[in-house]
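A.B. asks: Below: one structure in structure tokens.
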Amino acid sequence: MRRADRLFQIIQLLRRKRVLTAASLADELEVSERTVYRDIRDLVSSGVPIEGEAGVGYMLRRGFDLPPLMFSEVEIEAMVLGARVVTSWGDAGLAKAAGEALARVEAALPDRLKMRLNQTPLYAPGFHVPNPMMAWLGELRGAIESRRRVHLLYTAIDAPQTDRCVRPLGLFFWGSTWSLTAWCELRDDFRSFRLDRINELAVLEERFVEESGKTLDDYFRRMDDDHHH
């Protein structure tokens, strides 16, 4: 969790409960009590009216609130649709995060806009989404984040299954499927792989270091050059 998000979460927790100890805040946020003490001190110095002391507990002075988040109705519909697409077409981690993000927005909205958030008639049904593809998505997101090489057994259209080791770079959603863009060590070039055509996938322990000519930015530059030529 980013520090800015953690500070926001401390305020939200203190808004919901009368008094919270540093130990309970640390447990909720999965950080040390020392981190909580430092965060509380910084929030107080920035003007947030938190009262209390170490060993006793902390409380937020009555009447304090964060500035309300104001969105237009169209902006709310965009957020809801985006969250519903992620819930249907994302892996379990993304789906959970989308729900939590909407809940945080809802908590800060005035009642009129809360109704709009809950009644938005835009949907992204997910009953037709292949389950294996979602499993690959979660693993590949982690591999991209940690820069780990990935071993694939992949079947392209009208082609036999191939064995690849790739450097995963980015994931792209095309409306009916996801694809992985990677540096393919077999072809020594960029390649894209549809997640629904991956037969087996293993994230390897070996990490890769970005090299000039083999990064996602290099891929985008090549796509841009091809588009203009």
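A.B. asks: Of all the accessible heavy-atom surface of region 125-229, with the other protein chains kept in place and a 1.4 Å probe, what percent is carbon and sulfur? Walk me through the intermediate numbers first.
C.D. replies: Working: 3150 of 6350 Å².
Answer for region 125-229 is 50 percent, counting heavy atoms of protein chains only.
A.B. asks: Using only Cα atoms, find the angle between the long axis of helix 92-108 and the longest principal axis of the chain, and express it within 0 to 90 degrees, rounded to the nearest 10.
C.D. replies: 30
A.B. asks: Right, another one. Can you give me the relative contact order of region 3-95 as a percent, contacts being Cα pairs under 8 Å and 6 or more apart?
C.D. replies: Details: 64 pairs, mean separation 21.8, N = 93.
RCO, region 3-95: 23 percent.
A.B. asks: Can you tell me which of 43, 102, 140 moves the most in a GNM of the chain? Springs connect C-alpha atoms under 10 Å apart.
C.D. replies: Of the options given, 43 has the highest mean-square fluctuation.
A.B. asks: Residue 162 to residue 189: FRET efficiency via 1/(1 + (r/R0)^6), r the Cβ-Cβ distance, R0 22 Å, to the nearest 0.05?
C.D. replies: Details: r = 14 Å, r/R0 = 0.64.
FRET efficiency, residue 162 to residue 189: 0.95.
A.B. asks: Only Cα pairs under 8 Å and at least 6 apart count here; give the relative contact order of the chain as a rounded whole percent. Numbers along the way, then the final one.
C.D. replies: Details: 280 pairs, mean separation 27.9, N = 229.
Answer for the chain is 12 percent.
A.B. asks: State, to one decimal in nm, how far the label point of residue 8 lies from the label point of residue 28, with both points 7 Å from Cα in the Cβ direction.
C.D. replies: The two pseudo-label positions are separated by 1.6 nm.
A.B. asks: While we're on this one: Only sites in a loop by DSSP and with at most 12 other Cβ atoms within 10 Å count here; which GluC sites (Glu not before Pro) in region 143-217 make the cut?
C.D. replies: On the way: sites: 145, 185, 200, 205, 206, 210, 211; in loops: 185, 210, 211.
Here the GluC sites (Glu not before Pro) that fit, given the DSSP loop and packing criteria, are 211.
A.B. asks: Which of 125, 110, 160 ends up with the largest GNM mean-square fluctuation for the chain, with Cα atoms connected below 10 Å?
C.D. replies: 160
A.B. asks: Below 14 angstrom from the Cβ of residue 148, what's the summed charge of the other residues (Lys, Arg +1; Asp, Glu -1)?
C.D. replies: Details: positive: 141, 147, 149, 167, 207; negative: 139, 145, 185, 205, 206, 210.
After counting each charged neighbour, the total is -1.
A.B. asks: GNM, the chain, Cα, under 10 Å: largest mean-square fluctuation among 62, 112, 207?
C.D. replies: Among 62, 112, 207, the largest mean-square fluctuation in the Gaussian network model of the chain belongs to 62.
A.B. asks: Angle check, please: helix 73-89 long axis (alpha carbons) against the longest principal axis of the chain (alpha carbons), in degrees 0 to 90, nearest 10.
C.D. replies: 50
A.B. asks: Counting only heavy atoms of the protein chains, get the accessible area per residue of the chain (1.4 Å probe) and round it to a whole Å² value. Show your work: numbers first, answer last.
C.D. replies: On the way: 13980 Å² over 229 residues.
Each residue of the chain exposes 61 Å² on average to a 1.4 Å probe.
A.B. asks: What is region 114-229's relative contact order, in percent, from Cα pairs under 8 angstrom and six or more apart in sequence? Mind dumping the intermediate values first?
C.D. replies: On the way: 162 pairs, mean separation 28.0, N = 116.
This gives 24 percent for region 114-229.
The values are calculated or read from the model by the stated rules, or taken from the named source; none is laboratory data. These figures come from a predicted structure and were not determined experimentally. Every residue, glycine as well, gets a Cβ built from its backbone with ideal geometry; the counts of neighbours run over all protein chains shown. Side chains are part of the model used for accessible areas, which takes the heavy atoms of the whole protein and leaves out ligands, DNA and RNA. Shrake-Rupley method; radii C 1.70, N 1.55, O 1.52, S 1.80 Å.
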